[in-house]
Amino acid sequence: MEKVTTLGIDLAKRVFALHGVEGAGRVGLRKTVKREQLMQTVAALSPCLIGMEACSGAHEWARRFQELGHTVRLMAPVFVAPYRKSGKNDGNDAEAICEAVARPNMRFVPIKSAEQQAVLALHRVRQGWIEERTATINRLRALLTEFGIVLPNRAQYVRRGAHAAAEALPELARRAVEDLRAHLGMLDERIASYDRELQAQARQSEAAQRLMQIRGIGALTAVAMVATVGCARDFRSGRQFAAWLGLTPRQHSSGGKHRLGHISRRGDAYLRCLLVQGARSVLLTAMRHSDRMSRWAVSLQARCGYHKALVAIAAKNARIAWALLSKNQTLRTA
């Protein structure tokens, strides 16, 4: 019997489906193992190509399998689905993964290190607290509105006016308002502490410092991009990187007619959001600058409108960032 050369693993919480093929294309392994048995089963195999979907825990498993000498490739689930032959179950999913990972033109997800995932954990927790802070402010305004007190729809006015407005409320309602204000203050402190930590990470990262030379990319965006992308050489071009972020138009072209729609919104939504927010600052200050980027941004807004200009600036910054990371260069200003 030949040894397994390609292995597809359908990841799960407790039970994992494995599908391996030999060099001649025959099925050499098809089994289901529990979580405690997965490492032992993979370690018993000769070094081979292992494919998995990029999902929860995939990067950790990929790092472990690489330590055993295997070549590991991660794929987006949407690219694996067309290779599923029949109904969806764990065995068919593993077979589809095994088939997809061997395709020469398959697109793979870069494997992140533990340090990259740790930095991204700060971003994810910080973003969750920002959303919780917004919900707390809305809850505070809604509570006061029930008693006829309508505060302006801005966070700074709610912070200043909630305490004074609560003085006219019954004791129980006043207590609820004060508890919300205390919770809001705690969230502000935690977000500020994470901001300081991410700023420190940006100062320590040489790659992040080079990205911060681009207008519209600050410390948060630079650190998030370095942690998310990993090796920029995994992307063939800046356009492919921008497409991976979902900043390029979705196409529906046929018969020589090119039809471009809205942006695809694929890839990392958080990183795409940071780039678009940075583009707002570029467009806001473009009138006060005379460099080539500012002139292009102003003319683009006049031709296409505000929102399309934002996406175009974000896509351009993504391409510039790819060039700086992949070629290990610093920004040259014209």
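A short reminder: the numbers here are calculations on the coordinates, not readings from a lab. Treat the numbers as computed from the prediction; the structure is a model and nothing was measured. So basically every Cβ, Gly included, is an ideal-geometry build from the backbone, and we count neighbours across all protein chains shown.
Could you work out the local net charge near ARG174, counting Lys and Arg as +1, Asp and Glu as -1, over the other residues with Cβ closer than 11 Å to its Cβ? Working shown, then result.
On the way: positive: ARG175, ARG181; negative: GLU167, GLU171, GLU178, ASP179.
Within the 11 Å Cβ shell, the charges total -2.
What does DSSP give for the chain in terms of the percent of beta bridges that are antiparallel, rounded to the nearest 5? Don't jump to the answer; show the numbers that get you there.
Working: 17 of 26 bridges.
The answer is about 65 percent antiparallel.
Please give the peptides 191-197, 17-23 ranked by average Cβ packing (other Cβ atoms within 10 Å per residue), highest first, as a rough proxy for protection. Let's see the in-between values first.
Numbers: 191-197: 13.6, 17-23: 20.9.
Ranked by mean Cβ neighbours within 10 Å, highest first: 17-23, 191-197.
Tell me the angle of helix 269-285 to the major Cα principal axis of the chain, expressed in degrees between 0 and 90 and rounded to the nearest ten.
Approximately 40 degrees, to the nearest 10.
So, in Å, what gap is there between the alpha-carbon centers of the stretch 212-237 and the stretch 1-28?
Value for the Cα centre distance between the two parts: 35 Å.
If the viscosity is 1.002 mPa s and the temperature 20 °C, what translational diffusion coefficient in µm²/s does Stokes-Einstein give for the stretch 114-204 when Rh comes from Kirkwood over Cα pairs?
Details: Rh = 14.5 Å.
Diffusion coefficient, whole number: 147 µm²/s.
Express in % the proportion of alpha carbon pairs of the chain at distances exceeding 37 Å.
Above the 37 Å cut-off, the chain has 38 percent of its Cα pairs.
Under 24 Å between alpha carbons: how many lysine pairs meet that in the chain, if sequence neighbours fewer than 8 apart on the same chain are excluded?
14
Roughly how many whole Å is it from the C-alpha centroid of the stretch 256-301 to that of the stretch 30-77?
So the two Cα centres are separated by 39 Å.
Counting only other residues whose beta carbon sits under 11 Å from that of PHE235, what net charge do I get with K and R as +1, D and E as -1?
Numbers: positive: ARG107, ARG233, ARG236, ARG239, ARG319; negative: ASP234.
Value of the local net charge: +4.
Using a Debye calculation, one point per C-alpha and no hydration shell, please list log10 I(q)/I(0) for the stretch 4-101 at q = 0.10, 0.16, 0.17, 0.23 Å⁻¹ in order.
-0.21, -0.57, -0.65, -1.28
Along the Cα-to-C-beta direction of SER237, a point sits 7 Å from the Cα; which residues of the stretch 304-334 have their amide N less than 17 Å from that point?
Residues 315-324, 326-327 fall inside that zone.
Return the sequence-ordered ³J(HN,Hα) values of the stretch 148-157 in whole Hz as given by the Karplus equation 6.51 cos²θ - 1.76 cosθ + 1.60 applied to θ = phi - 60°, using x for Gly and Pro.
x, 10, 10, 8, x, 7, 9, 4, 5, 6
Whole number please: convex hull volume per residue of the Cα set in the stretch 262-322, in Å³? Let's see the in-between values first.
Values: hull volume 4.8 nm³, N = 61.
Enclosed volume per residue, from the Cα hull, is 78 Å³.
With unit charges on the beta carbon (Lys/Arg positive, Asp/Glu negative), name the residue among GLN329, VAL298, PRO152 whose Cα is farthest towards the positive pole of the charge dipole of the chain.
It is VAL298.
Tell me, Kirkwood radius of the stretch 177-256 from alpha-carbon pair distances, in Å? Let's see the in-between values first.
Details: mean 1/r = 0.0639 Å⁻¹.
Taking the inverse mean of 1/r over all distinct Cα pairs, the stretch 177-256 comes out at 15.7 Å.
Using Cα atoms only, what is the angle between the long axis of helix 58-67 and the major principal axis of the chain, expressed in degrees (0 to 90) to the nearest 10?
Helix 58-67 sits at roughly 50 degrees to that axis.
Build a GNM of the chain with springs between Cα atoms under 10 Å: which of GLN213, GLN40, GLN240 gets the top mean-square fluctuation?
GLN40
Helix 292-304: angle to the longest alpha-carbon principal axis of the chain, degrees 0 to 90, nearest 10?
90
Quick check: residue separation of ASP90 and ARG266 times 0.36 nm, minus the Cα distance between them. What number comes out in nm?
Values: separation 176, 0.36 × 176 = 63.36 nm, distance 2.53 nm.
Here the segment from ASP90 to ARG266 would lengthen by 60.8 nm.
Would you calculate the separation in nanometres between label points at GLU60 and GLU167, each defined as 7 Å from the Cα along the Cα-to-beta-carbon direction?
Distance between label points: 5.3 nm.
Please arrange TRP129, TRP244 by counting, for each residue, the other beta carbons lying within 10 Å of its beta carbon, fewest first. Before the final figure, lay out the partial values.
Values: TRP129 17, TRP244 24.
Fewest to most other Cβ atoms nearby, the residues stand as TRP129, TRP244.
So what J values fall out for the stretch 80-96 if you push phi through Karplus, 6.51 cos²θ - 1.76 cosθ + 1.60 with θ = phi - 60°, rounded to Hz, Gly and Pro as x?
Computed from phi, the couplings for the stretch 80-96 are 8, 3, x, 8, 6, 7, 9, x, 7, 8, 4, x, 5, 5, 5, 5, 5 Hz.
Once the other residues with Cβ under 15 Å from the Cβ of VAL42 are scored (Lys, Arg +1; Asp, Glu -1), what is the net sum? Kindly include the intermediate steps, with their values, before the conclusion.
Working: positive: LYS3, ARG30, LYS31, LYS34, ARG35, ARG63, ARG64, ARG73; negative: ASP10, GLU36, GLU60, GLU67.
Taking every Cβ under 15 Å from that of VAL42, the sum is +4.
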